[in-house]
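This report refers to the structure that appears directly beneath it.
A short reminder: the numbers here are calculations on the coordinates, not readings from a lab. On a predicted model such as this, the values are computed, not experimentally measured, just so you know. Every residue, glycine as well, gets a Cβ built from its backbone with ideal geometry; the counts of neighbours run over all protein chains shown.
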Amino acid sequence: MSGLRYVYAVSRPLGAPLQAELAGVGGAPAALLHHHGLVAVVSTVPEHDFAEGALRGNLEDLDWLAATARAHQGVIDALTCVTTPVPLRLATVFRDDSGVRAMIEAREDDFRRLLDRLDGRVEWGVKVYLDREPAEAAAPVAARPASGRDYLRGRRESAHRGEERWHTAETFATVLHDRLAHFAEDARLHPPQNARLSGESGRNVLNAAYLVGRSQSEAFVELVDRSKDETPGLRVELTGPWAAYSFAGEAPAGSAGEER
Amino acid sequence: MTVVERREIALVDLLDRLLAGGVVITGDITLRIADVDLVRIDLKALISSVNENVSSPFEPPRVRGLPPGEEGR
């Protein structure tokens with residue numbers, strides 16, 4: 001068989017069957033590989049796509065990257081319906097099943113520790129956007145500045161407004177993050193998203209992930225919802241529930257502190 | 001609409017998690033490179049593709065009288 005084994009996640013044995021005919025990367029069916037009381041969720045991917053040189057090129061092909069990321073997420077999503085998986089990073093590939101088994105043996109303790117820590121928990125994403133400066137729209141269509149001095153004053157005032165808005169946004173994001181992090185079991189800050197990538201019409205001032213128990217999730221969502229209309233010009237966006245991607249890349253227990 | 005009901009996942013949100021999160025394991029073949037390069041790669045791929053197709057909403061207004069590339073100095 002000329003194919004590689006793509007590993008999506010590791011979990012404990014499932015209490016319920018995985019959704020039938022679940023397709024993974026490239027449309028190949030996802031399968032369960034049991035070993036040492038753990039389960040790796042795998043599928044076969046073509047070697048010509050995932051060999052080292054090919055992968056490097058493919059990752060720079062946005063269509064390929066998007067399709068692969070969505071397929072990966074599709075499997076994790078289905079898995080999350082029946083268990084709490086430890087998701088692996090995109091494009092984790094082994095030559096064959098015995099390579100996957102060896103990996104499980106080598107990392108067995110880490111996986112069990114992570115599975116205990118994540119069990120029954122999900123990740124919620126919260127982003128805050130500062131909407132674009134409404135000045136042009138809101139300000140009365142000013143007559144042409146009467147003089148150079150008027151023009152400069154206008155520029156100064158506009159810069160000052162921008163600074164104030166930015167300061168308000170930062171304060172809001174800090175307070176919101178503190179509040180949510182206090183409620184959640186753990187929190188991670190992702191770098192703010194570039195508007196060019198997200199296509200969002202606003203500046204991303206907070207891009208955070210929170211680890212929350214499933215049973216606390218409703219209350220968490222309400223907490224986020226309540227913050228939404230607190231400050232005009234700021235937009236709060238909630239995504240999830242996600243598998244705990246942002247909390248799976250941890251250093252082994254015992255080493256303190258956040259990743260970045 | 002509550003945001004919870006939104007099922008269409010933005011690719012950037014997905015890449016935040018799939019390229020920077022998840023357990024990092026050195027696979028038989030690939031992760032030696034992927035581990036190091038993924039985050040940079042996704043930005044490069046996205047930026048170049050976005051630039052080709054969509055103009056950024058934050059494109060600075062072009063200053064009249066200056067040729068492209070010299071404005072905003």
Can you sort A:Trp166, A:Trp242 so the residue with the fewest Cβ neighbours within 10 Å comes first?
A:Trp166, A:Trp242
With Cβ to Cβ distances under 14 Å as the rule, what net charge do the other residues near A:Arg156 carry (K, R +1; D, E -1)?
0
Angle check, please: helix A:62-80 long axis (alpha carbons) against the longest principal axis of chain A (alpha carbons), in degrees 0 to 90, nearest 10.
70
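Mind sorting A:Thr231, A:Thr171, A:Thr92, A:Thr239 by how few other Cβ atoms lie within 10 Å of their own Cβ, fewest first?
So the ranking, lowest neighbour count to highest, is A:Thr171, A:Thr231, A:Thr239, A:Thr92.
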Degrees, to the nearest 10: A:148-183 long Cα axis against longest axis of chain A:
40
Within the set of other residues whose C-beta is less than 13 Å from the C-beta of A:Arg112, count the net charge using Lys and Arg as +1 and Asp and Glu as -1.
-2
Is the C-alpha gyration tensor of chain A telling us rounded, prolate or oblate? Criteria: a/c under 1.5 is rounded; beyond that, a/b larger than b/c is prolate, otherwise oblate.
prolate
Footprinting proxy, A:Ser2, A:Ser246: sorted fewest to most Cβ within 10 Å, the residues are A:Ser2, A:Ser246
First select every other residue whose beta carbon is under 13 angstrom from the beta carbon of A:Glu170; then total the charges, Lys and Arg +1, Asp and Glu -1.
-1
Shape call, the stretch A:121-247: gyration tensor on alpha carbons, a/c limit 1.5
prolate
Taking every pair of alpha-carbon atoms in the stretch A:3-118, what share in percent sits in each 10 Å bin, from 0 to the bin with the longest distance?
14, 47, 32, 7
